[in-house]
Ligand code: NAD
């Protein structure tokens with residue numbers, strides 16, 4: 001389904017990362033994939049799980065000036081024009097993530113917004129000139145953007161801004177046939193999720209309440225991303241698409 005597609009998956013921390021499942025599935029479906037992890041330390045864990053799959057790994061800390069530029073240039077040198085970028089990163093300082101929204105620090109809020117949201121706009125700006133035949137940008141969001149999910153805190157407004165950014169970027173790049181989506185998974189036990197207080201309780205609550213009566217897997221998220229990146233999804237852009245066992249549809 002993805003033979004001839006080339007692109008970047010940003011945000012592999014370990015084999016539980018949504019980005020890992022995505023990189024693996026896009027590669028298995030025939031795409032050429034370059035993956036990124038945060039830094040050299042993460043690379044020592046990530047390279048051994050991605051290299052055997054034929055997926056090269058680069059470090060990319062979006063807070064570092066020039067880091068995104070470096071990765072995108074490297075991908076173009078390896079692959080030529082690009083077809084997709086999957087943005088699967090989020091961060092908030094723990095002290096702010098664990099605080100009620102009204103008690104978050106200005107610095108913490110801005111840092112969460114910069115890494116988790118504005119970095120998508122930077123990716124779009126940098127990669128669009130490298131997408132000569134159109135392409136797809138996909139980011140990861142959560143329903144805490146729309147509902148006040150207990151303990152999701154400042155990430156709610158950050159994800160709301162991310163989803164809005166998707167709509168604006170889809171509009172800005174649509175004429176170039178660059179499609180932009182947010183994928184919204186239900187809760188999955190990953191490193192990022194482990195920073196959210198009472199995450200186990202959230203998972204248990206969701207599991208009992210959602211129509212499918214179970215949680216979703218990283219592979220189910222990856223399957224949706226593979227579809228969005230493929231030529232079967234060329235008529236779609238600007239959406240927030242749920243892969244959440246139906247969580248979004250029930251009170
Ligand atoms: P994860 O911890 O595996 O991935 C988060 C990634 O963000 C890590 O690779 C981390 O290194 C990266 N990151 C943090 N700061 C960064 C920076 N400055 N520069 C570059 N990368 C940075 O966890 P995950 O759950 O796979 O998270 C991926 C995305 O999925 C996030 O946007 C998250 O909000 C979203 N999401 C997760 C869930 C869930 O329940 N796990 C649900 C909905 C959405």
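The values are calculated or read from the model by the stated rules, or taken from the named source; none is laboratory data. Since we're looking at a predicted model, the values are computed, not measured. Heads up, the Cβs are rebuilt from the backbone with ideal geometry, glycines too, and the neighbour counts pull from every protein chain shown.
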So if I check each of 82, 110, 68, which one is touching a helix residue (DSSP H, G or I) at 6+ places or on another chain (Cβ under 8 Å) and either within 16 Å of the ligand (Cβ to nearest atom) or assigned to a helix (DSSP H, G or I) (or both)?
68
Pair list, Cβ < 7 Å and 6+ apart or interchain, from the range 1-29 residues that are closer than 20 Å to residue 232 by Cβ to residues that are surrounded by fewer than 21 Cβ atoms within 10 Å (Cβ to Cβ) and modelled with pLDDT under 95:
29/1
Filter result for residue 153 (within 15 Å of the ligand (Cβ to nearest atom), in contact with a helix residue (DSSP H, G or I) (Cβ under 7 Å, 6 or more places away or on another chain) and in a loop (DSSP other than H, G, I, E, B))
yes
Residue by residue through the range 1-26, note down the ones that are within 20 Å of residue 61 (Cβ to Cβ), within 14 Å of the ligand (Cβ to nearest atom) and not in a loop (DSSP other than H, G, I, E, B).
8, 9, 10, 18, 19, 20, 22, 23
Exclusive hit being touching a helix residue (DSSP H, G or I) at 6+ places or on another chain (Cβ under 9 Å) and surrounded by 20 or more Cβ atoms within 10 Å (Cβ to Cβ), set 105, 119
119
Test: residue 158 is part of a helix (DSSP H, G or I), near the ligand (Cβ under 10 Å from one of its atoms) and under 24 Å from residue 115 (Cβ atoms)
yes
Of residues in the range 121-147 being away from the ligand (no atom under 14 Å from the Cβ) and in a strand (DSSP E or B), the one farthest from the chain's Cα centre (by Cα):
132
Selected residue (criterion: farthest from residue 84 (Cα to Cα)) from residues of the range 36-50 that are touching a strand residue (DSSP E or B) at 6+ places or on another chain (Cβ under 7 Å) and surrounded by fewer than 18 Cβ atoms within 10 Å (Cβ to Cβ)
40
